[in-house]
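Below is one structure, written out as structure tokens; comments come after it.
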Amino acid sequence: MNVFFDNCTSPILASTLHGLIHHDGHNAIHIRDVPGLPNGRHSKDVEWIDFLRRSNDEWMFVSGDGRVLKNPAERAALRSARLHGFILAPAYQKTPMNQVASTLVWRWPEMLQITRLLAAPSMHQVPINKGTKMRALPM
């Protein structure tokens, strides 16, 4: 499984999660570090979604921008790409980076389980509170 972090997330999150998951054969990568992305870090959402769709690898993505689900073109691209996505709750924007990273590490098993159990693409909101369950979002 590869985990893509978009521009609405810090590269720190990708490198932290990668440190945990790479020994199990998974990878986490921030948009700035994706080789071959048409416009690099400046790629629009529909561009990176299409890039992941065309890849032969299995991907999920993490975003700090819930608006990706409000834009009709981006929603259509996500559905066609058959990606599982995880949107960070708005509370993450005011949370210290070390706490955000620890929450993602804490949530990793749940994120992986969701992608394994659900054949259809899905979107979930990742709450800041570790005791709160992830909430499915409409696609």
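The values are calculated or read from the model by the stated rules, or taken from the named source; none is laboratory data. For clarity, every value in this text was computed on a predicted model and none was experimentally measured. All Cβ positions, even for glycine, are placed from backbone atoms using ideal geometry, and neighbour counts span all protein chains on display. For the accessible areas, the whole protein counts, side chains as well, though only heavy atoms, and no ligand, DNA or RNA atoms are used. Shrake-Rupley method; radii C 1.70, N 1.55, O 1.52, S 1.80 Å.
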For P(r) over Cα pairs in 10 Å bins from 0, in percent the list reads (1) 13, 43, 28, 10, 4, 1, 0; (2) 11, 35, 30, 17, 6, 1; (3) 12, 48, 36, 4; the calculated value is entry (3)
Rounded to one decimal in nm, the spacing of the 7 Å Cα→Cβ label points at ASN129 and HIS42 is 4.2 nm
Result for the chain: accessible area per residue, probe 1.4 angstrom, in square angstrom, of 52 Å²
Quick shape check on region 1-73: root eigenvalues a ≥ b ≥ c of the Cα gyration tensor, a/c under 1.5 is rounded, otherwise prolate if a/b tops b/c, else oblate, and it reads prolate
For HIS84, other-chain or 5+-apart residues with amide H closer than 5 Å (H placed, Pro excluded) are PHE61, SER122
The percentage of the accessible area of region 68-117 (probe 1.4 Å, all protein chains present) made up of carbon and sulfur atoms, to the nearest whole number, is 58 percent
Summing +1 per Lys or Arg and -1 per Asp or Glu among the other residues with Cβ less than 13 Å from HIS26's Cβ gives -2
